[in-house]
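Enquirer: One structure is given below, represented as structure tokens, and several questions about it will come after.
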Amino acid sequence: MSDEIKVGRLARDFTSADITINRAAESGPLRLSFPASSEAPVERWFGTEVLSHQASAIRMERVATGAAPLLFNHDWNDPIGMIDAGRIQGGRLWVDAHLFDTARAAEVAKMVEGGLRNVSIGYEIVEMTESAKQTYTATEWLPLEVSIVTVPADASVGLGRSAESESKPVRLVRMPEPAASAAVPEAAKLAAQPKEPIVAENVNAAAGASADPTVRMSALQAEEQRREAVRNLCAANKIDQRVEAQWIEDGTPLTDVAKEILAVMADRSQGKANTAAALGLSGKETSRYSLFRAIRAMHYGARSPDALREAAFELECSREVAKKIGRGDTANILVPSEVLSRPIDREAATRAMATSPGSKGGYMVNVQELDFLSILRNRSVAMAMGARNMPGLVGNVAIPRQTGKSTVTWQAGEGTSITASDQALGQLSMTPKTAIIITDVSEQLLRQATPSAEAFVMADLAATIAIDGVDNAVINGTGGAQPLGIKNTTGITSGQDASSATYAKVLAFVSTAGAANAIRGNPGFVTTTAGAAKLMQVQRFTSTDTPVWTGNMMDGQLVGFNAMSSEQLASGNLIFGSWDEVVIGEWGVLELSTDNGGTRFNQAQVGIRAMWMVDVLVRYPQAFVVSTNLS
């Protein structure tokens, strides 16, 4: 089945290209050889675009006849050379080019020789094939020009250059839908993704005239889809019906709805460990609560009625929390949220965390408020870099995200049909994943009732959860029983080259994210201490003291962005991203149990097991660029 959509001139980037520079003679023209395009997927307004690099897919006539120019920043009024030849090699389109013998070209040549390695190709698509997964493969496309660029283009939009870039019909071949298989999990369904491009009716067409073949959805139908998407998102996130009605009647765009819902969810959880685990304890009752009494009741209760009597208040609190979260009877201790947010003795907590070596992240962040929750959050490099914390969650949570955006179309003339578009909104879910930590406490320490002893244990548990649990999951989580971390999230840019690191290669991390229009609120770099040491020795400019990493090795700046080192990353890892696109959800019920079996019994130790429920969500994967070969 074939159809048409209207697509203008497009561009895509090939940042940090491997440009080979040749000069035949001292006075001869500068000749370049480099890859200009690949089959890497790019998000467009109509879906995910892939350029086929089969020989039959690329119309090489402009390149073969020497008619394709080499431009600077896609400016047709700023030509700097010509493309001499092109070839397909290793799934890429490689081009050979020469620069003009002009002052402008010589200026650009100095930039290239000085490390400018960003290239971009401008092209038109003639035919695309649509798969069942809303991926569009360009099976016939025409390279128009190649550019050396300083800042990569926004890959999600077309490249407009006066009248030459007006939208043109593109043949669209739709592949048949496969037979229905297993049901798609609800969390993975898009809440408001149209199956067909939204195209407005030609309301100005003369009576009796045949309809434009691209017309498939009226403006009324598009508005109904928006309203249905708002209803779905409001229902999933328990938004007040009055707010829902206001969004619907005001015509609020889906992107704004997504932002508002995320803000509402953040407000609901502000300052709370878990609304379900909060018992309304007074300050005096919170101070009275003893973690050690609760642990002793679990550990000695079967053989010491006195331990149970001493912990009557703590056991009653645990039963009330269990009722509120629907757990029923449990032999474990559930700690109220008020206790988790009460101040911990500063000296004891600092001493406990000082026992964590650098490999555990003990050096990373200075703790400002030493209660359990502050330690848990402030010890996380992800949160220090700007990841959003969302405590106080109850049940599964749906998080909205934008999967497409509206586009601007210039009407070619009165009565000409244009394509209407709307933002597309996706829905991701967060479900609690349980992190389990076990620490050993001596019988002698457990028998003490001093606040400093409790502070020591609470600080150690919080720091271990934060570093070995939450922070590690944000970066390295593999999904399934544990959260899905940045490195394993589909859609991030992985495999960015950082071997024999140079200034240009580090800049390419930023330009790659920029090409996806993904540099947002809190961008920054994270690497290992060894990686930071390496980057502190990389010079931006030769024979000068201009390192790319400035500041100290733990907290510095890398090419103008905040940078931190953490041993949570594997050797050779370097991550750049907008960290506020990471959401860390906490269900916030600290559950404790004890074990003194086997070796612990013989050593007079008690094993304290703590469980904390969290999940991680990367709302916009394109915001992260990852390398594993920093050297």
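Every number in this text was worked out from the coordinates using simple rules, so none of it is lab data. Since we're looking at a predicted model, the values are computed, not measured. No Cβ is skipped: glycine too gets one built from the backbone with ideal geometry, and neighbour counts run over all protein chains shown.
Enquirer: Which pairs break 27 Å Cα to Cα here: Lys259/Lys487; Lys324/Lys487; Lys259/Lys534; Lys487/Lys534; Lys238/Lys284?
Expert: Going by Cα-Cα distance, Lys324/Lys487; Lys259/Lys534; Lys238/Lys284 fall outside the 27 Å limit.
Enquirer: Using the Karplus curve 6.51 cos²θ - 1.76 cosθ + 1.60 with θ = phi - 60°, what ³J(HN,Hα) values do you get for each residue of segment 526-537, in whole Hz, with x for Gly and Pro?
Expert: Those phi angles translate into 9, 8, 7, 5, 5, x, 4, 4, 4, 6, 6, 9 Hz.
Enquirer: Once you have the Cα-Cα distance between Ala604 and Arg520, take 0.36 nm times their residue separation minus that, and quote the gain in nm to one decimal.
Expert: 25.0 nm
Enquirer: Between Ile438 and Ala106, what is the spin-label point distance in nm, taking each point 7 Å from the Cα along the Cα→C-beta axis?
Expert: 7.4
Enquirer: Mind listing the phi-derived Karplus ³J(HN,Hα) values for segment 553-566, rounded to whole Hz, using 6.51, -1.76 and 1.60 with θ = phi - 60°, and x for any glycine or proline?
Expert: My calculation for segment 553-566 gives 6, 8, 9, x, 9, 10, 6, x, 10, 4, 9, 9, 10, 7 Hz in order.
Enquirer: Between Asp555 and Glu127, what FRET efficiency comes out of the Förster formula 1/(1 + (r/R0)^6) with R0 = 56 Å and r the beta carbon distance, rounded to 0.05?
Expert: The value I calculate is 0.60.
Enquirer: Also, quick follow-up: Report the full-extension gain for the segment Glu223 to Ala533: residue separation times 0.36 nm, less the Cα-Cα distance, to one decimal in nm.
Expert: 106.2 nm
Enquirer: What is segment 513-612 by shape, rounded, prolate or oblate, if you read a ≥ b ≥ c off the alpha carbon gyration tensor as root eigenvalues and call it rounded for a/c under 1.5, prolate for a/b larger than b/c, and oblate otherwise?
Expert: Because a/c hits 1.5 or more and a/b fails to exceed b/c, segment 513-612 counts as oblate.
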